[in-house]
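Shown next, in structure tokens, is the structure this report addresses.
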Amino acid sequence: MTDTATSSVEKAIADRRAAGSGALVGYLPVGFPDLGTSIDAAVALVENGVDVLELGLPYSDPVMDGPVIQAATQQAISNGFRLRHGFEAVREVRARVDAPVLLMTYWNPVLQYGVDRFADDLAEAGGAGLITPDLIPDEADLWLAASDRAGLDRVFLAAPSSSDDRLRHAVEISRGFVYAVSTMGITGARSDVDKAARLLVDRLRGVGAESVCVGIGISTAEQVTEILGYADGAIVGSALVNALAQGGVSAAAELAARLAEGTRAASRRPDAGPSAL
Amino acid sequence: MTSDTRTSLQEQGPYFGAYGGRYVPESLIAALDELTEAWEAAKADPAFHAELDALHRDYTGRPSIITEVPRFAEHAGGARIILKREDLNHTGSHKINNVLGQALLTKRIGKKRVIAETGAGQHGVATATAAALFGLDCVVYMGEVDTERQALNVARMRLLGAEVVPVTAGSRTLKDAINEAMRDWVTNVDTTNYVFGTVAGPHPFPAMVRDLQRIIGDEAREQVLALTGALPTAVAACVGGGSNAMGIFTAFIDDPDVALYGFEAAGDGAETPRNAATITKGRPGVLHGARSYMLQDEDGQTLESHSISAGLDYPGVGPEHAWLADLGRAQYRPITDTEAMTALRLLARTEGIIPAIESAHALAGALELGRELGPDSVILVNLSGRGDKDMSTAGAWFDLIDADADQV
């Protein structure tokens, strides 16, 4: 992993790990159900124990997302979501709570905004970096250069089907953490988070990963506890979006608090993390 | 084999100039790599070509014929117009050429389930057909809007044993059917091969689908030479994603005297927002796994396309077309719904051939080209599909169905 000293995300994760647990990463889309409420909900997540925020930029063709996030982001677009709202959300959340904020975005919006301009505006808004679900390392030259220049984190995905060489490359160029896709599939709650997740995290450790968060399918505190037994962070998305859709900010906050209990219950095995820690 | 001749302008991907690539979730890379390797191995394997050639001959009915259409051509300034009759293929369009190749490939990599997206339903029907022939499970994703305007093809796919899933997300057309097929593939990639229908999408699809469709142009080139003693002045094809166009262009791409024309669907008009003229009106971006031209707003959100033709109603286009457009090797022009439907009726009335509405865009383009290029020109048109599936649309457009007739 490159240049870890500059990453606030990696530091937030390492701090939770040093305290004998792991980090909770919470996802919400900007502009759902409206811009103001999405910002309030993101702030509430942090106030209720989320360590790192992942704010999604709604996109017309989200191939990695299941029905819950598709419906939410489609509503945000129908309500007039614009890319600039993403930077506004980052700025306001950062002004109200102290947690690092990553944007999650498909690649075309960044390309159309201008990769360098996007990096500059994100850094200027106080954002930590980007998670890029449809940008593989092979296609990422522009983003590698822009993120280096602007000092931003870049989170690439690792999948159970990825070769060892691809995992090594993803680990080498990721900054903040590597996003381990728990199972072959799209976003959405699952009753069992695949055993494939544990194997994938082991493989990522084997090629040198020091900061690995697991996402896709996680919706309960018990799953968070289980995952933090071997990973550095657990990412929850669809479950939080669903709570926000059904019960508003208070419901999302309550779920965040329950998930955060899962991080405190996590009792890390001594062999779970890098030996240096 | 003629299909192995490589020409200087031919790229094998992943890139076509600045276009192409693989902009997909990491979860799909292993499957794309597997497909790329299987395709490279198959291309080099005479047994694969022998099996595919036999299917083309004994199942599809290839080679498809060419037909000169002088009565139609009287409306094109006297130019000679020659149709490549992909409409006569089994299943009614060029789509079967690609699907048989990819179904054979599915067998080679040992998968038992295929998925496909479809717009007009022609690729879905072809995939369902190949799945029946090879004993594969088949799921076809189709936008809900398209299941309504192409109901006959939905019934055909179901009769062939495929499951048709209407997609209700987004614009409920081809673009959203591709999203849903990609989601299925991400989830079921261990057991499933994605039989992609056009020269778009992530590598290896643009190059692989082109290679499987180039038989159209390879045959037509020899047939036109035999008929006229010379290469055609121009080659015309409709372009949605662009597979029939790449299929016929490829054989002529290194013949600098043969002009190549792609005709895009302009819907209500390229100057209106209701069009699908991606190269004419779009700009470069990333959609469905590749960098190419696309219809999008300032923020990079994909715009909804509009065309009377479900098969051309797509806001993207294959990356090789984007490259050929930038190079100036091929020209891309818009054809409105009205122009296409007028050409459709003209071919029916002058030659007794009812084309698909998609292919009617190329016919309308040929009428335009003939008037420009003059009576000495020879225009080869890819008649990519037949119009049976479009009878309810044409019936409504031309008011051909009695109001009190039973709706079939």
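Values in this text are rule-based calculations from the coordinates and carry no lab data. Quick caveat, the model's predicted, so the values are computed rather than measured. For neighbour counting, all protein chains shown are included, and Cβ atoms are generated from backbone atoms with ideal geometry for every residue, glycine included.
Some observations on this one:
- Across segment A:4-265, Cα pairs under 8 Å and at least six residues apart give a relative contact order of 24 percent.
- Electrostatic dipole magnitude of segment B:148-225 [Cβ: Lys, Arg +1; Asp, Glu -1; Cα centre; debye, to 20]: 240 debye
- The gain in end-to-end length when the B:R345 to B:R274 segment is fully stretched comes to 23.3 nm, 0.36 nm per residue minus the alpha carbon separation.
- FRET efficiency for the B:R71 to B:R329 pair, using the beta carbon distance and R₀ = 25 Å, is estimated at 0.20.
- In this Cβ point-charge picture (+1 for Lys and Arg, -1 for Asp and Glu), chain A has a dipole of about 420 debye about its Cα centre.
- Across chain B the C-alpha pair distances fall into 20 Å bins from zero in the proportions 30, 62, 8 percent.
- Tail beyond 20 Å, pair distance distribution of segment B:185-256 (Cα, percent): 39 percent
- Length gained on full extension, A:R84 to A:R96: 2.4 nm, using 0.36 nm per residue less the C-alpha separation.
- This ranking places B:H361, B:H90, B:H75 by how few other beta-carbon atoms lie within 10 Å of each, fewest first, which gives B:H90, B:H75, B:H361.
- Cβ-derived FRET efficiency at R0 60 Å, B:D45 paired with B:L400, nearest 0.05: 0.75
- FRET E, pair B:H90, B:R158, Förster distance 22 Å, beta-carbon r, rounded to 0.05: 0.75
- Reach of B:K107 by Cα under 24 Å, taken over lysines that are not fewer than 8 positions away in the same chain: B:K43, B:K95
- Footprinting exposure proxy ranking of A:D232, A:D153, A:D15, fewest other C-beta atoms within 10 angstrom first, gives A:D15, A:D153, A:D232.
- Among A:A239, A:A19, A:A197: highest mean-square fluctuation, GNM of chain A, C-alpha pairs under 10 Å: A:A19
- Cα-projected label distance for A:D138 with B:E37, points at 7 Å along beta-carbon direction, nm: 1.3 nm
- In Å, descending, principal axis extents of the Cα set of segment B:230-272: 39, 18, 13
- Average partner coverage of A:133-140, which counts Cβ from other chains inside 10 Å: 6
- Segment B:186-301, relative contact order [Cα under 8 Å, separation at least 6], %: 21 percent
- Chain B, relative contact order in percent, only Cα pairs under 8 angstrom and at least six apart counted: 21 percent
- Shape category assigned to chain A from the gyration tensor of Cα positions, a/c cut at 1.5: rounded
- Per-residue average of Cβ from other chains inside 10 Å of A:106-117: 4
- Sorting B:164-172, B:17-25 by their mean Cβ neighbour count within 10 Å, with the most densely packed peptide first, gives B:17-25, B:164-172.
- Neighbour-count ranking [beta-carbon atoms within 10 angstrom, fewest first] of B:I65, A:I216: B:I65, A:I216
- Residue-span extension gain [A:E254 to A:R190] - 0.36 nm each, minus C-alpha spacing: 21.1 nm
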